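See structure below.
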């Protein structure tokens, strides 16, 4: 079996194991089985699916997420205790990824942008924001850097967690480009000199296929 197929097999096995685990309630005294009945009052959200995909990829050495998924150690413990209770996950990135946040001068601005547009009353929102920001330090497409399995997953994740922000991307710009464009515009910076995106020679870099 090729190394690529082995990685994919490992990822899918890890994903199945993660999805089979019970989810702990917000108060920690009730378990809600993923494949069972989930009550309307449950705090379970679609983020469980996307987190499972990202964690499975991370455990298989894919993506750029660093140790603890880019979270603080206590946040990582809260996430795993809540969504993947009973599963022993590594704390260090299997890929060996070490991101240098010191070169990310825009980190605070990016966090604030996502917080500004975040869905209210979502238990895992701080975790999602920290993970997305970490993924922005990668050099591939954002969905690949995060360890998601397709661009459509990333689009759905951003539309769910940041609906008003995602709605601004009505031309389907690449997500990493789009987020940084929002930061520039918030500061009154318009670095592209083309009168419109449609006539810009760099159009494929911003709007080309991400698959």
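The values are calculated or read from the model by the stated rules, or taken from the named source; none is laboratory data. Just so you know, these numbers come straight off a predicted model, no measurement behind them. In this analysis, Cβ positions are derived from the backbone assuming ideal geometry, glycine residues included, and neighbour counts consider all displayed protein chains.
Key figures
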{"read-out": "Residues located in segment 97-112, provided they are part of a loop (DSSP other than H, G, I, E, B) and in contact with a helix residue (DSSP H, G or I) (Cβ under 7 Å, 6 or more places away or on another chain)", "value": "99, 106"}
{"read-out": "Pairs, first closer than 19 Å to residue 165 by Cβ in segment 98-110, second in a helix (DSSP H, G or I) and modelled with pLDDT of 90 or more, C-beta under 7 Å, six or more apart", "value": "106/183; 107/133; 109/183; 110/133; 110/179; 110/183"}
{"read-out": "Given (1) crowded, with 18+ Cβ neighbours inside 10 Å; (2) more than 11 Å from the chain's Cα centre (by Cα), index of the condition residue 103 fails", "value": "(1)"}
{"read-out": "Test: residue in segment 173-190 that is modelled with pLDDT under 95, outside any helix (DSSP H, G or I), within 26 Å of residue 62 (Cβ to Cβ) and touching a helix residue (DSSP H, G or I) at 6+ places or on another chain (Cβ under 7 Å)", "value": "yes"}
{"read-out": "Yes/no for residue 55 being modelled with pLDDT of 90 or more, in a helix (DSSP H, G or I), touching a helix residue (DSSP H, G or I) at 6+ places or on another chain (Cβ under 9 Å) and buried (at least 20 other Cβ atoms within 10 Å of the Cβ)", "value": "yes"}
{"read-out": "Residue list for segment 160-172, restricted to those being surrounded by fewer than 18 Cβ atoms within 10 Å (Cβ to Cβ), in a helix (DSSP H, G or I) and touching a residue at least 24 places away in the same chain (Cβ under 8 Å)", "value": "160, 163, 164"}
{"read-out": "Condition check for residue 135: over 16 Å from residue 110 (Cβ atoms), under 12 Å from the mean Cα position of the chain (by Cα) and at pLDDT 95 or above", "value": "no"}
{"read-out": "In segment 68-89, the residues that are within 28 Å of residue 152 (Cβ to Cβ) and either in contact with a strand residue (DSSP E or B) (Cβ under 7 Å, 6 or more places away or on another chain) or free of Cβ contacts under 8 Å to residues at least 40 places away in the same chain (or both)", "value": "68, 76, 80, 82, 83, 89"}
{"read-out": "Considering residues of segment 73-96 that are part of a loop (DSSP other than H, G, I, E, B) and out of contact with any helix residue (DSSP H, G or I) (no Cβ under 8 Å at 6 or more places or on another chain) only, the residue surrounded by the fewest Cβ atoms within 10 Å (Cβ to Cβ)", "value": "88"}
